[in-house]
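The next block holds one structure in the form of C-alpha cells; read it before the comments.
Values in this text are rule-based calculations from the coordinates and carry no lab data. All values reported here derive from a predicted model rather than from experimental measurement. Don't worry about glycine lacking a Cβ; one is built from the backbone with ideal geometry, like all the others, and counts go over all protein chains shown.
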Amino acid sequence: MPKPIETPSRAELIDHLVRTRIAGQVATPRENNLSHYRKLANGDRHYWLGLELGDRWTDEQDVLAVMAERCGVVDDPEFRYGQDTIDPELTVAGLDRMAARLRKAALDRQSVLFATGHPGGLLDVHRATAAALRAAGCEIVVIPRGLTADEGSVWQFADVAVLERGATLWHTHSPEPMAAILDGLMAENRPQPDLVVADHGWAGCAAQRGLDAVGYADCNDPALFIGEAEGTLQVTIPLDDHVRDPRFYDPMVAYLLDAAGLQGA
C-alpha cells in the first residue's frame, strides 16, 4: 500500500505549488494566454467552455483584468511575452472555497458527478475526491451507457467521466460530453447531480445549465474565471492543469480533503 500523503499546512502547500510550478511561475507562455483572452473576447466559442457569455466580454483588457484578479496573471497589458504567473494564494483560497462546497455535499449526502477534460493531469485529483465523498456517504453519479460526443465515447473511469477515442483518454475543452451526460440522465428519468466537480467545458456546461459546479482552470482558460465572476460557476481554482508529474497534485488534494473534513472519511 502506498504511504498516505501528509496534509501540508497552508504555507507548506504554497511552497509546494511554487516549487512544482502548479502555481507561481508556470509553464504557460504569456503570448498563449493573451491569444486565448483575445479569442474569447472575439466570440470564439471554443474558448467559452460551454458558458454563454453573450456580448459582455468583448474587450480583451476586461478579460485580462479578471484573470489578474482571480488567477494572478501579470496585470500589465504591455507585458506580451515571457512566462506568466498564477498566484498560489489564489489557488489555496480557491481550494478553501471548494472545500466548503464539498463539506456541504458530504453533510447533505448529495449526488456528485466528476468529469475531466484533462485526464493526463487531473484524473487522479478527481478520483481521490470522489472516493472521499463516497466514503462520507455521497452518491457518485454513474453516467448512462452508450453516450457519444465529438466523435468519441463518453464513459467513466475510476468514478470520473472522460472522453475516449481510439482507446485513448482524450484532452478536450468541449462542453458536448457533459451535455451528453446531462441529457442522458434526463432521458432515463434520473435526477441531475446536486454538484458537478470538473474542469474545462465539462464544468462550464454544467454551470450554464444551472447546476452547482466547481472546477479547476489554467491561466490560458479564462472562461471559467469569468463564470465565477458572474456567479454562474461557484468556484474556479487557478492552477497549471498539466504539470510534468501528476503526483505533484497529491499534497493539494490532501489539503483540500482535510479542509473539507473528508480525510479519513
Inset, instruction - Counting only DSSP beta bridges with both residues in the range 153-256, tell me the antiparallel percent, nearest 5. - result: 45
Inset, instruction - Can you put TRP57, TRP170, TRP202 in order of Cβ neighbours within 10 angstrom, beginning with the fewest? - result: TRP170, TRP57, TRP202
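Going by the alpha-carbon gyration tensor, a ≥ b ≥ c the square roots of its eigenvalues, is the range 132-218 rounded (a/c under 1.5) or, if a/c is not under 1.5, prolate (a/b greater than b/c) versus oblate?
rounded
Quick one: of the DSSP bridges fully inside the chain, what percent are antiparallel, nearest 5? Present the calculation step by step, with values, prior to reporting the outcome.
Working: 13 of 28 bridges.
Taking every DSSP beta bridge with both residues in the chain, the antiparallel ones total about 45 percent.
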Inset, instruction - For ARG134 and THR148, compute 0.36 nm times the residue count separating them, minus their Cα-Cα distance, and round to one decimal in nm. - result: 2.4 nm
Legend entry - Alpha carbon centroid spacing (whole Å) that separates the range 50-80 from the range 102-155: 29
Legend entry - Mean residue ellipticity (222 nm) of the chain, computed from DSSP H runs ≥ 4 via -39,500 (n - 2.57), nearest 500: -13000 deg cm²/dmol
Inset, instruction - With a point put 7 Å past each Cα toward its Cβ, work out how far ASP245 is from GLU230 in nm, to one decimal. - result: 4.0
Legend entry - Selected from ASN32, LEU185, ALA11, residue furthest toward positive end of dipole (the chain; charges at beta carbon): LEU185
Inset, instruction - Just check the range 1-65 against the gyration tensor rule for me: Cα atoms, a ≥ b ≥ c as the square roots of the eigenvalues, rounded for a/c under 1.5, and otherwise prolate or oblate depending on whether a/b exceeds b/c. - result: prolate
Inset, instruction - For the chain, just say rounded, prolate or oblate: build the C-alpha gyration tensor, square-root its eigenvalues into a ≥ b ≥ c, call rounded for a/c under 1.5, and beyond that prolate if a/b exceeds b/c, oblate if not. - result: oblate
Legend entry - For GLN263, residues with placed amide H under 5 Å, excluding near neighbours: ASP258
Legend entry - Inter-site label distance for ASP59 and GLU164 at 7 Å from Cα along Cβ, in nm: 4.8
Inset, instruction - Report ³J(HN,Hα) in whole Hz for each residue of the range 31-42, in order, from the Karplus equation J = 6.51 cos²θ - 1.76 cosθ + 1.60 where θ = phi - 60°; Gly and Pro get x. - result: 5, 5, 4, 5, 4, 5, 5, 5, 5, 4, 5, 7
Legend entry - Value of relative contact order over the chain, rounded to a whole percent, pairs C-alpha under 8 Å and six or more apart: 27
